[in-house]
1. Which of the residues belonging to segment 1-14 are under 20 Å from residue 234 (Cα atoms) and open to solvent by less than 50 Å² (accessible area, probe 1.4 Å)?
2. How many residues are under 17 Å from residue 189 (Cβ atoms) and part of a loop (DSSP other than H, G, I, E, B) when one looks only at segment 125-142?
3. Select, from 96, 61, the only residue that is closer than 30 Å to residue 186 by Cβ and among the charged types (D, E, K, R).
4. Go through segment 84-119 and give me each residue that's part of a helix (DSSP H, G or I) and either over 23 Å from residue 61 (Cβ atoms) or of a type in the set (A, V, I, L, M, F, W, C) (or both).
5. For segment 74-102, what are the residues that are among the β-branched types (Val, Ile, Thr) and either modelled with pLDDT under 95 or within 20 Å of residue 175 (Cβ to Cβ) (or both)?
6. Are there any pairs, at least 6 apart or on different chains, whose C-beta atoms fall under 8 Å, with the first in segment 9-32 and closer than 14 Å to residue 50 by Cα and the second among the aromatic types (Phe, Trp, Tyr), and if so, which?
7. Taking the conditions exactly as written (open to solvent by 10 Å² or more (accessible area, probe 1.4 Å), more than 28 Å from residue 77 (Cβ to Cβ) and modelled with pLDDT of 95 or more), does residue 236 satisfy them or not?
8. Conditions: (1) open to solvent by less than 50 Å² (accessible area, probe 1.4 Å); (2) touching a Leu at 6+ places or on another chain (Cβ under 8 Å). Residue 224 meets all but one. Number of the miss?
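The values are calculated or read from the model by the stated rules, or taken from the named source; none is laboratory data. Quantities reported herein were computed from a predicted structural model and do not represent experimental measurements. Don't worry about glycine lacking a Cβ; one is built from the backbone with ideal geometry, like all the others, and counts go over all protein chains shown. These accessible areas exclude ligands, DNA and RNA; they are computed on the full protein's heavy atoms, side chains included. Shrake-Rupley method; radii C 1.70, N 1.55, O 1.52, S 1.80 Å.
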Amino acid sequence: MSTPQLVVHRDKELMAQAAAARLITRIVDAQASRGSASVVLTGGRNGNGVLAALAAAPARDAIDWSRLDLWWGDERFLPEGDPERNVTQARKALLDSVPVDPKRVHAMPASDGPWGADVEAAAEAYAEELARAAGPESHGPVPAFDVLMLGVGPDTHVASLFPEHPGVRETERTVIGVHGSPKPPPTRISLTLPAIRSAREVWLLAAGEDKANAVAIALSGAGEIQAPAAGAYGRARTLWLLDTAAAAQLPKSLYPPALA
Ligand SMILES: O=C(O)[C@H](O)[C@@H](O)[C@H](O)[C@H](O)COP(=O)(O)O
């Protein structure tokens, strides 16, 4: 378990641009040392903001897009192409603008896919896809994710793991179906905390004053059942990428020295 590191940026735009620059470097380094990179994307405004910033970044094509595996931390269980699906929004923000290898874009199943409306079967299928992609450097039946990004909800949810919901208590499976999500739509697919924790680096993205309370709760010792973001950490690094508004309620003891 890696101790959370905090980086606080002036505002949400700069946080997205800085996170995108950080992601470029991380991917380029992984490709240089291992020949490919594996990144887990997240939905939501902050997650898509990073993808849009990456699309606009001058150095974006330092990435070899043909040797990048993209996965999702969660997905809204809706028909293929629905504008509310995280993969639809990621395509619009970035993927339609760069030459990714379609075989390496691992979208979570849609509700009109091979498993129809059976979200449990769809979740199991994604777990099997992850397991097939596991390698010698993996920790568990998932690929050795270089970076796993997570937006943070105002209630401290990450992916589609919500406080006190069954999904946050899952300790065995890597992917689950989610029903009754407090954040619409109600039915989703999500990685679990064990899958999230298998990543080398976990980056939590939180910008905006609506996240200040969640950030303070998650970083002040709350348990993962009550505050799922508190249970999201990487093997080598856990990085909270914030803006000053989202960091506003942090205890001064946690506030990064640069801004104390
Ligand atoms: O499917 C989703 O909605 C996301 O994956 C979800 O986990 C999101 O990241 C958080 O709710 C933060 O969303 P915002 O960045 O829009 O606040």
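1. Filtering segment 1-14 down to residues under 20 Å from residue 234 (Cα atoms) leaves 1-8.
If the condition is that a residue be under 20 Å from residue 234 (Cα atoms) and open to solvent by less than 50 Å² (accessible area, probe 1.4 Å), then 2, 6, 7, 8 are the ones that fit.
2. The qualifying residues number 3.
3. Numbers: 61 fails: closer than 30 Å to residue 186 by Cβ.
Step by step, each of 96, 61 is checked, and only 96 is closer than 30 Å to residue 186 by Cβ and among the charged types (D, E, K, R).
4. The first filter runs over segment 84-119 and keeps only residues part of a helix (DSSP H, G or I), leaving 86-93, 95-97, 102-104, 119.
Within segment 84-119, 86, 87, 88, 90, 93, 95, 119 qualify.
5. The initial filter retains those residues of segment 74-102 that are among the β-branched types (Val, Ile, Thr), namely 87-88, 98, 100.
Listed by number, the residues that qualify are 87, 88.
6. Partner pairs satisfying both residue conditions: 19/203; 22/203.
7. Numbers: open to solvent by 10 Å² or more (accessible area, probe 1.4 Å): yes; more than 28 Å from residue 77 (Cβ to Cβ): yes; modelled with pLDDT of 95 or more: yes.
In short, yes.
8. (1)
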